[in-house]
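To keep things clear, I will list the structure first and then write my remarks on it.
The values are calculated or read from the model by the stated rules, or taken from the named source; none is laboratory data. Computed from a prediction, not measured in an experiment: that's the story for all the values here. Methodologically, a virtual Cβ is constructed for each residue, glycine included, from the backbone with ideal geometry; neighbour enumeration extends over all protein chains shown.
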Amino acid sequence: MSDLSPPAPAPSLTEFASFYLYGLTDNPYQQSTDMQHFGELYNLVIGEHGGVSLSSSFHPYQLVNPAGVTVWYAAYAQLYAQPNRADLFGAMADEQARFVVAPPASFGQFHVWPDTRLTSAENPVFSRYIPFVLPFLVRKGPAALRWDAEFAAAGGDPERIQPYLEAVTEAIRFVQPAPAFVLGFGEFDEQQPERLIEEFMSCRAMLPA
């Protein structure tokens, strides 16, 4: 009699981290079907970790819908809904597999959070330099993220890290063409979403009036 072991359960969302690139653009909500370039961007920013790229950039006020669901959770739910989800999630852990998912069209709608500092009414500069975010859902692991490793290697020297930042900005061109540029990288905290707003506010003084 053959051993019919039950399939391994899919991991919970707590086994993933919600990361993002953030920057400024003239059109924050743009999509691409270029899987190769999404893979190259993922490798450049995340490195040797399995996970998911979302095939869209967003304004921060598109990242959480009125029901409180984030685009990262939506990406996880799309993979979880697949009949072969155990294989998909297992490949992320065992082979550092990377996938690309298209978020539901409902995330194209703006939902202004209680933190309104990125609205043009409150800060007119953000009507000309518009915030954008590129999300990544990453399976947690012991290895350092590529972004963190590059910054550690630069030792805090702005000149040494500049070529890497320029490479990342160039790598987003397929989904965020010029004049968009990358400001930084962070992890989204559902309990403190205002931290994402702070990333942009910390750069506000540098933007021409």
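A few points about this structure:
- Under the condition of being under 19 Å from F132 (Cα atoms) and either of a type in the set (D, E, K, R) or within 11 Å of the chain's Cα centre (by Cα) (or both), the residues counted in the range 42-59 number 10.
- Test result for H59, touching a residue at least 60 places away in the same chain (Cβ under 8 Å) and either buried (at least 23 other Cβ atoms within 10 Å of the Cβ) or more than 18 Å from F188 (Cα to Cα) (or both): no
- Of all residues in the range 112-132, those satisfying the criterion of being surrounded by 14 or more Cβ atoms within 10 Å (Cβ to Cβ) and out of contact with any helix residue (DSSP H, G or I) (no Cβ under 6 Å at 6 or more places or on another chain) are W113, T119, N123, V125, F126, Y129, I130, F132.
- Residues that are in contact (Cβ under 8 Å) with a residue 60 or more places away in the chain and in contact with a Pro (Cβ under 7 Å, 6 or more places away or on another chain) within the range 65-77 comprise V71, W72, A75, listed in sequence order.
- L21 being within 20 Å of L145 (Cα to Cα) and modelled with pLDDT of 95 or more: yes
- Flag if S106 is farther than 20 Å from E40 by Cβ, among the hydroxyl-bearing types (S, T, Y) and under 19 Å from the mean Cα position of the chain (by Cα): yes
- Scope the range 156-174; condition touching a Leu at 6+ places or on another chain (Cβ under 7 Å) and either over 18 Å from L145 (Cβ atoms) or assigned to a loop (DSSP other than H, G, I, E, B) (or both); matching residues: I172
- Picking from residues in the range 135-155 that are in a helix (DSSP H, G or I) and aromatic (F, W, Y), the one that is farthest from Y20 (Cα to Cα) is F151.
- Pairs with Cβ under 7 Å, 6+ apart, first in the range 1-29 and under 21 Å from M92 (Cα atoms) and surrounded by fewer than 21 Cβ atoms within 10 Å (Cβ to Cβ), second modelled with pLDDT of 75 or more and among the basic types (K, R): A10/R85; E15/R139; E15/K140; A17/K140
- Taken as a whole, the range 195-206 holds at least one residue that is part of a loop (DSSP other than H, G, I, E, B) and either surrounded by 13 or more Cβ atoms within 10 Å (Cβ to Cβ) or aliphatic (A, V, I, L, M) (or both).
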